[in-house]
Amino acid sequence: MDEVHEAVLFTESSPLVDLPCACGKGKKTTRCTDCNQHEPVCDTCFIAEHSSTPFHRVEKWNGQFFQKGTQGELGRKLYIGHGGKQCPYLPAGQKGRHLDIIDVNGTHSFRTFYCHCPSVTDGAWKQLTMAGLFPSSIDRPSTVFTFGVMKLFHLLSTIGKTSAMDFVQCLKRRTDGAFPNDSQVSNCLLFTSSSYASLRKHIRLFFEPSEFG
Ligand SMILES: [Zn+2]
Ligand SMILES: [Zn+2]
Ligand SMILES: [Zn+2]
């Protein structure tokens, strides 16, 4: 059993921490809890390695232990459209909008920037949906749910009769940090899940049932 404890404790620290990062510009301080065996790198390299996985969670060495966090807290911005890259028509000086994103591993907050291409007339809610993020309101959405978390809630509420509030409490524990107002998120989830359920009925016409919950 001692060897098991030793092996588990190994995951709580890293012999590489605070060594120079391979980029030569920072120290190895930041690792991923969602990638398997992700070794610490500097914040800049972490974000570069996660260009298509902005919702992987972060652990950053604070001098004593790895502190849990999100990529938004590292200063990462979220770009909607263009495969997650910045829109070439983004007006200079834009500060972006605050967006709370609820995923299966908890909550993430980002400064978010939308596509401004002249040919694109879609509003924020449609751009978010096309990026795989289900908005909880049509007007100025500020809370969105990933398709993954909607699918998980749908299964748990259908099979396990889990309430929206219990589900939100589980996500809050997973977040290990600042979490938006519980009952507000729960209400958003209930509203969004009814849209999701009707969407599922339509999408089932095009996909195998197992592909879309
Ligand atoms: Zn990762
Ligand atoms: Zn680096
Ligand atoms: Zn654009």
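Only the coordinates and a few stated rules stand behind these numbers; no lab work does. Owing to the predicted nature of the structure, the values given are computational and were not obtained by experimental measurement. Please note: Cβ atoms are built from the backbone with ideal geometry, for glycine as well, and neighbour counts cover all protein chains shown.
Highest mobility in the GNM of the chain, judged by mean-square fluctuation with C-alpha springs under 10 Å and restricted to Leu16, Leu190, Leu78, is found for Leu16. Residues whose amide H falls under 5 Å from that of Arg57, counting only those 5 or more places apart or on a different chain, are Thr33, Asp34, with hydrogens built in the peptide plane. Of the residues Gln86, Leu74, His108, the one whose Cα sits farthest toward the positive end of the charge dipole of region 1-111, with +1 on the Cβ of Lys and Arg and -1 on the Cβ of Asp and Glu, is Gln86. Restricting the trypsin sites (Lys or Arg not before Pro) of region 1-104 to loop positions (DSSP other than H, G, I, E, B) with no more than 13 neighbouring Cβ atoms within 10 Å leaves Lys25, Lys85, Lys95.
Taking the helices alone, the chain has a mean residue ellipticity at 222 nm of -10500 deg cm²/dmol, built from -39,500 (n - 2.57) per DSSP H run of at least 4 residues and averaged over all its residues.
How do Ser193, Ser183 line up, fewest other C-beta atoms within 10 Å first?
Working: Ser193 19, Ser183 10.
Ranked by crowding around the Cβ, least crowded first: Ser183, Ser193.
Pairs of Lys residues in region 1-134 that lie 8 or more places apart, or on two chains, and have C-alpha atoms under 22 angstrom apart add up to 17.
A DSSP coil position with no more than 16 other Cβ atoms inside 10 Å describes the following trypsin sites (Lys or Arg not before Pro) in region 123-164: Lys161. Site-free segments of the chain were taken between chymotrypsin sites (Phe, Trp or Tyr not before Pro) in DSSP loops having at most 13 other Cβ atoms within 10 Å, sites themselves excluded; the longest one is 90-205.
Projecting the Cα atoms of Ala124, Ser137, Ser195 onto the dipole axis of region 77-212, where Lys and Arg carry +1 and Asp and Glu carry -1 at the beta carbon, places Ala124 farthest toward the positive end.
Determine, for His82, His98, the number of other Cβ atoms within 10 Å of each Cβ, and report the residues in order from fewest to most.
Numbers: His82 14, His98 11.
By the 10 Å Cβ count, ascending, the order reads His98, His82.
Restricting the calculation to Cα atoms, every distinct pair contributes to the Kirkwood radius of the chain, found to be 19.1 Å.
About the Cα centre of the chain, how large is the charge dipole given +1 on each Lys and Arg Cβ and -1 on each Asp and Glu Cβ? Please answer in debye to the nearest 20.
On the way: 23 positive and 20 negative charges, 178 e Å.
Dipole magnitude for the chain comes out near 860 debye.
Along region 64-74 the Karplus relation, 6.51 cos²θ - 1.76 cosθ + 1.60 evaluated at θ = phi - 60°, assigns HN-Hα couplings of 10, 7, 7, 9, 6, x, 10, 5, x, 6, 7 Hz to successive residues, with x for each Gly and Pro. The GNM of the chain, with springs linking C-alpha atoms under 10 angstrom apart, assigns the highest mean-square fluctuation among Ala164, Ala197, Ala92 to Ala92.
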